[in-house]
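As structure tokens, the structure follows; a few thoughts come after it.
The values are calculated or read from the model by the stated rules, or taken from the named source; none is laboratory data. All of these numbers come straight from a predicted model, not from anything done at the bench. Note that we place each Cβ from the backbone using ideal geometry, even for glycine, and neighbour counts take in every protein chain shown.
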Amino acid sequence: MSGSTPNQDIFDVRRVRRLVELMKEHDLSEIDIREGATRIQLRRGSDPVIAVASPRAAEASVATPAAVAPLAADQPKADEAHIAVIKSPIVGTFFAAPNPESPPYAKVGDHVGPETTVCIVEAMKVFNQIPAEVSGKITARLVENGQPVEFGQPLFRVDTRG
């Protein structure tokens, strides 16, 4: 990290707002992030809550229903019926290409197959190639290069029709 402690980074208002924006953008109902003894959990739905637990939980717990909008509907939209999501199988750092000078493994508009490597997730100095595991056309990359990712976090959206 860049000289700051995890607690300082995790409670950054800009970071929490960005998480809320990502939830809305990708229609997520919950985000649960853990870093050491610190945890942020955001939920959308009938009882919206932002809960933060850390060694100083008494000082840090927050509940702000206005910050998270309720879900519009639990059913996928008709035009999203053929959309698959490639998720991170591990916690680590997302890399779109094998090195900074190389083109990305997969970009929006590319057609992929189940065996196609779409990115690398680095965990504990091990660079894990992530296969698409579906066939189709990449419609969105959901994370930035070099961004930390969690287990099960959506990385790409794939239209399985084409």
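Observations on the structure shown:
- When SER61 is tested against (1) out of contact with any helix residue (DSSP H, G or I) (no Cβ under 8 Å at 6 or more places or on another chain); (2) at pLDDT below 90; (3) over 17 Å from ILE31 (Cβ atoms), exactly one condition is not met: (3).
Residue-by-condition table, conditions (1) at negative phi; (2) exposed (fewer than 15 other Cβ atoms within 10 Å of the Cβ); (3) aromatic (Phe, Trp, Tyr); (4) outside the structural domain of ARG18 (by TED's automatic domain parsing):
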position	(1), (2), (3), (4)
GLY109	no, yes, no, yes
VAL118	yes, no, no, yes
LYS125	no, yes, no, yes
GLN129	yes, yes, no, yes
LEU142	yes, no, no, yes
LEU155	yes, no, no, yes
